[in-house]
Amino acid sequence: MKTTLTSSVAFVALSAGAVTAEDLTVFGPWLGPDQAMVEEVLSDFEEKSGHAVSYVGSDSFEQQIVVDAEAGSAPNVSVFPQPGLAADMAARGFLTPLKDGTGDWLKDNYAAGQSWVDLGTYKGPDGEEDLYGFFYKVDVKSLVWYSPENFEDAGYEIPETMEELKALTDQIVADGETPWCIGLGSGGATGWPATDWVEDMMLRTQPPEVYDQWVSNGIPFDDERVVAAIEEFGYFARNDDYVAGGAGAVASTDFRDSPKGLFSAPPQCYMHRQASFIPAFFPDGTEVGADADFFYFPAYDGKDLGQPVLGAGTLWAITNENQAAHDLIAYLQTTDAHEIWMANGGFLTPHTGVDSSKFATEAAAKMNGILLDATTFRFDGSDLMPGGVGAGTFWTGMVDYAGGADAASVASDIQDSWDALK
């Protein structure tokens, strides 16, 4: 808290000492309700700093920011949904390093702080690494959803380790029920839910450095450690007794329909692993915290890898430097910047200094607690891989694997596709 207060005081002092206010442009991916949320945050910054702020959102952000940067007309601050694009732009000289001390602040004030520094650090045009990205607004993927009523009726307890989760899976089968609903269908993106499973399993079976090497292809996709993580997914998804509809239904079941088995009577399944957004596809009227709840997708007790969390999020980077841009990054270090959006919903943060009572719902506060308990945070790996792999052969390979293909063969084919892109 001391460090947080120091940061806040520094921001206020910096703003009060500014000789002239500046115009500040911010470009990001948010439209609709999320745009209204970010504009409320930026309005608070505008009032406290004296800078005039303009936000523009686009559903073609990834393409447009490159065009603008190449044309020399980039906004002052850009909000990147994917670190990979920010890293590419840093290497091309389109990003400005953040002020000295920002990395230390992140280590001291963000849960798993070193993880956030790592995720925002890239090589510049000179090949030297620097901190370019500040993460703000995060999503959690390492969640298992369930019906509290079903668990209570069956006498099941929330598992706290992967060993306990596997034991519970077997117990549900022994009781004549089906433990899991899993669906990989998603139109042209079919297969992506399985990539999240594999990424979570990589973080639960290997140190984070190995995960990073895998995502960058520092180790090949068909490395035995990656194959083992794929097979960890298969432990659940390729067992007819474990999955509603049997293993053959996994690839053909739409991910949006998959969790509905939790709410049927009698239940078609008892657990569903999916990210924080999935309640949008629950039956109308489902109340999170009552009709549905969630727990942390647990780590192995026997592997001593802490409490890793898989997720996604947005990073803010300076794409057209002025003092107002640096002032905005300093403002994002204050609790106000986080608590304003927290109160409106749809916002999670690793900032350890925020007042959890200001979350819009108890469920949001509980979900954020999982983020704050993380010892390691890693970004969705498929989003960091080249598009032809992360949004291509990784997706299709997981469909093949769910359908019975050999894990090592699937991994080898994915690696071949990555080699072809080099």
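The values are calculated or read from the model by the stated rules, or taken from the named source; none is laboratory data. Note that the structure is a prediction, hence the values are computed from the model and not measured. Here the Cβ positions follow ideal geometry from the backbone for every residue, glycine too, while neighbour counts run over all protein chains shown. When the accessible area is computed, the model is the full protein with side chains, heavy atoms only, and any ligands, DNA or RNA have been set aside. Shrake-Rupley method; radii C 1.70, N 1.55, O 1.52, S 1.80 Å.
Some notes on this structure:
- Residue in segment 118-128 that is open to solvent by 30 Å² or more (accessible area, probe 1.4 Å), in a helix (DSSP H, G or I), touching a Phe, Trp or Tyr at 6+ places or on another chain (Cβ under 8 Å) and small (Gly, Ala, Ser) present: no
- Unique match (being crowded, with 19+ Cβ neighbours inside 10 Å, in a loop (DSSP other than H, G, I, E, B) and aromatic (Phe, Trp, Tyr)) among Phe377, Phe347: Phe347
- The residues in segment 187-245 that are free of Cβ contacts under 8 Å to residues at least 12 places away in the same chain and aliphatic (A, V, I, L, M) can be counted, and the count is 1.
- First in segment 67-87 and closer than 22 Å to Gln323 by Cα and touching a residue at least 12 places away in the same chain (Cβ under 8 Å), second anywhere and open to solvent by 10 Å² or more (accessible area, probe 1.4 Å) and among the small types (Gly, Ala, Ser), Cβ under 8 Å, 6 or more apart: Asp68/Ala74
- Residue tally, condition open to solvent by 30 Å² or more (accessible area, probe 1.4 Å), under 22 Å from Ala86 (Cβ atoms) and outside any helix (DSSP H, G or I), over segment 23-49: 3
- There is at least one residue in segment 138-146 that is over 19 Å from the mean Cα position of the chain (by Cα) and within 21 Å of Lys366 (Cα to Cα).
- Sole residue being hydroxyl-bearing (Ser, Thr, Tyr), open to solvent by 10 Å² or more (accessible area, probe 1.4 Å) and in contact (Cβ under 8 Å) with a residue 24 or more places away in the chain, chosen from Thr314, Thr286: Thr314
- Between Thr178, Thr190, the distinction of being surrounded by fewer than 20 Cβ atoms within 10 Å (Cβ to Cβ), within 20 Å of Gly261 (Cα to Cα) and polar (S, T, N, Q) belongs to Thr190 only.
- The residue of segment 380-405 that is surrounded by the most Cβ atoms within 10 Å (Cβ to Cβ), among those that are out of contact with any strand residue (DSSP E or B) (no Cβ under 9 Å at 6 or more places or on another chain), assigned to a loop (DSSP other than H, G, I, E, B) and in contact (Cβ under 8 Å) with a residue 24 or more places away in the chain, is Met385.
- Val66 being open to solvent by less than 50 Å² (accessible area, probe 1.4 Å), under 21 Å from Lys137 (Cα atoms) and of a type in the set (A, V, I, L, M): no
- Selection within segment 131-154: residues that are without any contact (Cβ under 8 Å) to a residue 40 or more places away in the chain and open to solvent by 40 Å² or more (accessible area, probe 1.4 Å). The member of this set that is nearest to Gly313 (Cα to Cα) is Glu152.
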